[in-house]
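So the structure is just underneath, and the comments pick up after that.
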C-alpha cells in the first residue's frame, strides 16, 4: 500500500521505495533534453489514477505544495490501473501520465513510452505493508512478509 493517509488502527512497515514519473508516448526526437517547466507539462491532457488511489494522492500532495489544484488541470481520463494508463498513453500523442518508474521497464525498453523530466516536481513514495494494529500475523502472512523483506528490503 502507498499513500500519505494513515489510520491509527493499522500497523505500517516500510517495504519498498518508489517514484512516480511523468511519461508520454515515445517521440522520434526522444525525451526532452532538459526538464520541462511544470506549467508546460501540466498543460498537456493528463491521464491519472482514479480518485482515492495512493498514486493520485502523492501527485495531488506534490502539486498542492506548488499551489496547483488538480481541479484546475485538464485531466483527459482517470483509470483504475497502471496498465490502462500506459495503453492509453501509447495511443495518445498529446497526453502525459504519471506512473511508477518500476512499472515502465518493458515500455521504455521497447521504445513505446518515454520519460518526461519536469522541473521542480519530485514524486517519491513509499510502499508499506500493513496489518491490524496489535494483532500478530498469521503464519502464512509472516512467511510472506519475510519473503517480501528479502526481495525488497
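Values in this text are rule-based calculations from the coordinates and carry no lab data. Computed from a prediction, not measured in an experiment: that's the story for all the values here. Glycine also receives a Cβ, built like all others from the backbone with ideal geometry; neighbour counts cover every protein chain displayed.
Here are the numbers:
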{"quantity": "Peptide ranges 142-150, 24-32, 49-57 listed from the most packed, as the mean C-beta count within 10 angstrom indicates", "calculated": "49-57, 24-32, 142-150"}
{"quantity": "Column: log10 I(q)/I(0), Debye, Cα scatterers of the range 1-73, q = 0.14 Å⁻¹", "calculated": "-0.60"}
{"quantity": "Inter-label distance, nm, simple model (7 Å from Cα along the C-beta direction), residue 65/residue 39", "calculated": "2.1"}
{"quantity": "The chain: angle of helix 82-91 to the longest principal axis, Cα-based, in degrees nearest 10", "calculated": "10"}
{"quantity": "Rel. contact order, % - alpha carbon contacts under 8 angstrom, at least six apart, the range 20-98", "calculated": "51"}
{"quantity": "Options (1) 2, 8, 14, 16, 13, 12, 11, 9, 7, 4, 2, 1, 0; (2) 2, 9, 17, 20, 18, 13, 9, 7, 4, 2, 0; (3) 2, 11, 20, 23, 20, 14, 7, 2, 0 - which one matches P(r) over Cα pairs in 5 Å bins from 0, in percent as calculated here", "calculated": "(2)"}
{"quantity": "On Cα atoms only, tilt of 54-65 relative to the major axis of the chain in degrees", "calculated": "60"}
{"quantity": "Label-to-label distance, nm, for residues given as residue 132 and residue 76 (7 Å Cα→Cβ offset)", "calculated": "4.4"}
{"quantity": "Helix 139-152 vs. the chain, principal-axis angle (Cα, 0 to 90°, nearest 10)", "calculated": "40"}
{"quantity": "Normalised contact order of the chain, rounded percent, pairs of Cα under 8 Å and 6 or more residues apart", "calculated": "47"}
